[in-house]
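Chemist: Input: one structure, supplied below.
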Amino acid sequence: MHYLAKETRYESMLYNRCGRSGIKLPAISLGLWHNFGGVDVYENGRKIIHKAFDAGITHFDLANNYGPPPGSAEHNFGRLLAEDLKPYRDELIISTKAGYYMWPGPYGDFGSRKYLISSLDQSLQRMKLDYVDIFYSHRPDPETPMEETMMALNHLVRQGKALYAGISSYTNEQTRQATEILRQLGTPCLIHQPRYSMLDRWVEDELLHTLDTFGIGCIAFSPLAQGILSDRYLQGIPGDSRAGKPTGFLEPEKITPEILEKVKQLNQVAARRGQSLARMAIAWLLKDPRVTSVLIGASSVEQLDDNLQALNNLQFAAEELQEIDAIINR
Ligand SMILES: NC(=O)c1ccc[n+]([C@@H]2O[C@H](COP(=O)([O-])OP(=O)(O)OC[C@H]3O[C@@H](n4cnc5c(N)ncnc54)[C@H](OP(=O)(O)O)[C@@H]3O)[C@@H](O)[C@H]2O)c1
């Protein structure tokens, strides 16, 4: 089957400026952490990506270790680019990262210059790309000097192997440090990728303010708390779900009766708004103008369709927000 992108693909998506940069990102981006690896059905992932691009999702997020096995999501995405998306390369923002364990020995983990530079070379080979659009330090490294990690990002941008630099899961203080070093090097920090959802609001303490102050974009990962913030687990744990699959990262123990009680109540608020809970959870993040994009995952085209409809109702009444806060903080 030859893929031809939909002509109307830019008509319904919302694009937000990423901090104070020249780049706009779609309000909803797609991540390939789960469902696109070697253990997954390639054709299913392919359909999801076609649907995403047809709906105006221009940003696809990867990392060296996505799979399983590690590297296979990049490998599959490279195949898909070659077969389907190559004519559209200049319409795409492709990101990858290094920071988690990737290969044995002291050079395949965390934040050394040695690891970041060799890892991006491997990622480019797997995806058969000359460059990625964003390259991230996937997590802070408590042992490597921050200067070394940031100099590696700066080096890769100057080499043209990445167009922009980003950081992920850095604390507020680490973000301030990294931003200052990158600024001195002349490569601004484009974006921060933190975990953020109705069930995990740590970024609201300080980080969002810092990002806003320094003009850095924010792309929120696991907006559905890996699927918990949807109707997925209301009747138990389905065998084909992330919590039910042996390769899924979501531990079933995380889905406690207390969490499920909150999810049921949030589901009722969503129903009153005429939304699924997944849609409401995404809209709830996008209500904050400091959130550039919400980085979702999906195991089917139907889920992606559902999530895209979040954009049809992004407004919250003050009472709704209070009610949601009360449920979350209970
Ligand atoms: N920087 C980092 O350290 C980091 C860490 C984690 C993730 N990420 C990035 O963020 C992306 C998204 O993370 P995530 O996959 O955890 O996000 P998520 O959107 O919170 O969870 C996605 C999962 O929720 C379920 N789901 C999605 N839409 C649904 C719907 N409408 N109704 C019911 N269930 C639905 C699916 O699980 P089922 O499989 O059960 O169907 C899907 O795989 C990743 O792909 C990755 O790019 C980055």
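No lab work stands behind these numbers, since they all come straight from the coordinates. Here the structure is a predicted model, which means the values were calculated and not measured. Ideal geometry is used to build each Cβ from the backbone, glycine not excepted, and the neighbour counts take in all protein chains shown.
Chemist: Is it possible to state the helix-based mean residue ellipticity at 222 nm for the chain, with each DSSP H run of 4+ residues giving -39500 (n - 2.57), the sum divided by total residues, to the nearest 500 deg cm²/dmol? What is it? Intermediate results must be reported in sequence, preceding the final value.
Modeler: Numbers: 10 runs with 119 residues, N = 330.
Estimated from H runs of four or more residues: -11000 deg cm²/dmol.
Chemist: Now, a different point. Measuring from label point to label point, each 7 Å out along Cα→Cβ, what is the residue 4 to residue 143 span in nm?
Modeler: Going by the 7 Å Cα→Cβ label model, 5.5 nm.
Chemist: Quick one: length gained pulling residue 302 to residue 89 fully straight, 0.36 nm per residue minus the C-alpha distance?
Modeler: Working: separation 213, 0.36 × 213 = 76.68 nm, distance 2.54 nm.
Working it through step by step, the gained length comes to 74.1 nm.
Chemist: Can you pick out the pairs among 161/254; 97/264; 24/245; 24/86; 24/262 whose Cα atoms lie more than 32 Å from each other?
Modeler: Values: 161/254 38 Å; 97/264 35 Å; 24/245 35 Å; 24/86 21 Å; 24/262 34 Å.
Correct reply: 161/254; 97/264; 24/245; 24/262.
Chemist: May I ask you to evaluate 6.51 cos²θ - 1.76 cosθ + 1.60, the Karplus curve with θ = phi - 60°, for each residue of the range 312-317 and list the ³J(HN,Hα) values in order in whole Hz, giving x for glycine and proline?
Modeler: 6, 8, 9, 8, 10, 6
Chemist: Given a Förster distance of 22 angstrom, what is the FRET efficiency for residue 249 paired with residue 213, based on the Cβ-Cβ distance and rounded to 0.05?
Modeler: 0.10
Chemist: Calculate the FRET efficiency for residue 264 and residue 313 from the Cβ-Cβ distance with a Förster distance of 30 Å, rounded to the nearest 0.05.
Modeler: Efficiency, from the Cβ-Cβ distance: 0.90.
Chemist: In the chain, if the dipole is taken from +1 on Lys/Arg beta carbons and -1 on Asp/Glu beta carbons about the Cα centre, which of 222, 2, 156 is farthest to the positive end?
Modeler: Farthest towards the positive pole: 2.
Chemist: Oh, and also: Going by average Cβ neighbours within 10 Å, how do the peptides 61-72, 152-163 rank, with the highest at the top?
Modeler: With the highest mean Cβ count within 10 Å placed first, the list reads 61-72, 152-163.
Chemist: Amide H to amide H, which residues 5 or more places from residue 16 or on other chains are under 5 Å from it, using H placed in the peptide plane?
Modeler: Distant-sequence amide H within range of residue 16: 25, 27.
Chemist: Calculate the dipole size of the chain relative to its Cα centre from +1 charges on Lys and Arg beta carbons and -1 charges on Asp and Glu beta carbons; express the result in debye to the nearest 20.
Modeler: On the way: 35 positive and 40 negative charges, 101 e Å.
Approximately 480 debye in magnitude.
Chemist: Next up: For the range 61-70, what does the Karplus curve 6.51 cos²θ - 1.76 cosθ + 1.60, with θ = phi - 60°, yield as ³J(HN,Hα) per residue in whole Hz, taken in order and with x for Gly and Pro?
Modeler: Taking θ as phi minus 60°, the curve returns 10, 10, 8, 3, 8, 5, x, x, x, x Hz for the range 61-70.
Chemist: Could the peptides 112-120, 43-51 be put in order, highest first, of the mean number of other beta-carbon atoms found within 10 Å of their residues? Can you show the working numbers first?
Modeler: Working: 112-120: 20.6, 43-51: 18.0.
Ranking, from highest mean packing down: 112-120, 43-51.
Chemist: Amide H to amide H under 5 Å from residue 168: which residues, 5+ apart in sequence or cross-chain, H placed 1.01 Å off N in plane?
Modeler: For residue 168, the qualifying residues are 137, 139, 193.
Chemist: May I ask you to sort 13, 198 by Cβ crowding, counting other Cβ atoms within 10 Å and putting the fewest first? Could you put the intermediate results ahead of the total?
Modeler: Numbers: 13 16, 198 22.
Fewest to most other Cβ atoms nearby, the residues stand as 13, 198.
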